[in-house]
Amino acid sequence: DNTSPSSRLKFARQQAGWRSARSFAAEIGVDETTYRSHEMPEGAPGARAFSEESAQRYADALGVKWMWLMYG
């Protein structure tokens, strides 16, 4: 299900070979708690939407387009 930014982010991370959110966050220098909140489904306790700036950072590291992460 890649219908939300959070689900696309998780999918892209897994497709890029990162098995854990923790290792990916550490690699790109993002706080693990912040990153995990960006992968949580919308409406889940602790879930947070990510900004276009964050999308660009994630996309660069994952080899995808930031527009796809944000908007599908």
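Full extension of the chain between Ser20 and Lys65 yields a length gain of 14.1 nm, computed as 0.36 nm times the residue separation minus the alpha carbon distance.
When the label point is put 7 Å from the Cα of Ser4 along its Cα-to-beta-carbon vector, which residues of the range 19-44 have a backbone N closer than 11 Å? The answer is 38-44.
Just the accessible area per residue of the chain, please: how many Å² with a 1.4 Å probe? Each step should come with its number before you reach the end.
On the way: 4560 Å² over 72 residues.
About 63 Å² of surface per residue is accessible.
Run through the range 21-66 and list the GluC sites (Glu not before Pro) located in a DSSP loop whose Cβ has at most 12 other Cβ atoms within 10 Å. Let's see the in-between values first.
Working: sites: Glu27, Glu32, Glu39, Glu42, Glu52, Glu53; in loops: Glu42.
Passing sites in the range 21-66 are Glu42.
Once every Cα of the chain carries one equal point scatterer and solvent is ignored, give the base-10 log of I(q)/I(0) from the Debye formula at q = 0.14, 0.23, 0.27 Å⁻¹, two decimals. Here log10 of I(q) over I(0) equals -0.34, -1.01, -1.45.
Using Cα pairs closer than 8 Å and at least 6 residues apart in sequence, work out the relative contact order for the chain, in percent. Please list the in-between numbers first.
On the way: 81 pairs, mean separation 26.2, N = 72.
Relative contact order here is 36 percent.
Identify which of Ser54, Ser20, Ser37 has the largest mean-square fluctuation in a Gaussian network model of the chain, with springs joining Cα atoms closer than 10 Å. The residue that fluctuates most here is Ser20.
The values are calculated or read from the model by the stated rules, or taken from the named source; none is laboratory data. Since we're looking at a predicted model, the values are computed, not measured. Because the Cβ atoms are built from the backbone with ideal geometry, glycine has one as well, and the counts that use them run over all protein chains shown. SASA here: full protein model, heavy atoms, side chains in, ligands and nucleic acids out. Shrake-Rupley method; radii C 1.70, N 1.55, O 1.52, S 1.80 Å.
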